[in-house]
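Every read-out reported here was derived from the displayed coordinates using simple, explicitly stated rules and does not represent laboratory data. Everything numeric here is computed off the predicted structure, so don't read it as measured data. Counting neighbours? That spans all protein chains shown, and the Cβs are built from the backbone with ideal geometry, glycine included.
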Amino acid sequence: MFANIGWGEMLVLLIAALVVLGPERLPGAVTWVTKSLRQVRDYASGASAQLKSELGTDFDDLRKPLADLNQLRKMTPRAVVTKHLLDGDDSIFTGNFDKPAGGASATGSQSPSARPSLSKDPARDSLAGNERPPIDPDAT
């Protein structure tokens, strides 16, 4: 229930309660809150158990769409692309192109240094410090 509250926030709440309630009423307030939370949790688990016993197998049919919805909530754009478009192969995101899910090498037999150069003159592949890269007007 308090999964998003850290120890720092709990300390701030405890100090605020100490200031508001005072040291003589704080222990009684803490015991009342813990009893109330325990009672609410017991009511919720009892209601869930009662629904499960009354509905039987239909309860699982009701829970399945909720489980599917929770699974969709956890899906990120990266997970959707990986699952549906790339069939679970996330090598495009991790940069591990050497060993894709199929087992074959994605780069073939060429090493990175043996790849063909971008221009006809290999010495022209790197730019000087103040040189601007060539622009293709048809591509932009």
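With respect to the conditions (1) farther than 30 Å from Leu11 by Cβ; (2) surrounded by 10 or more Cβ atoms within 10 Å (Cβ to Cβ), Arg25 falls short on a single one, namely (1).
For segment 53-71, check the following and say yes or no: at least one residue is of a type in the set (Ser, Thr, Tyr), farther than 30 Å from Phe93 by Cβ and surrounded by 10 or more Cβ atoms within 10 Å (Cβ to Cβ). Within segment 53-71, not a single residue is of a type in the set (Ser, Thr, Tyr), farther than 30 Å from Phe93 by Cβ and surrounded by 10 or more Cβ atoms within 10 Å (Cβ to Cβ).
One line per residue, one yes/no per condition, for (1) of a type in the set (A, V, I, L, M); (2) under 30 Å from Lys64 (Cα atoms):
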| residue | (1), (2) |
| --- | --- |
| Leu11 | yes, no |
| Gly28 | no, no |
| Leu37 | yes, yes |
| Leu51 | yes, yes |
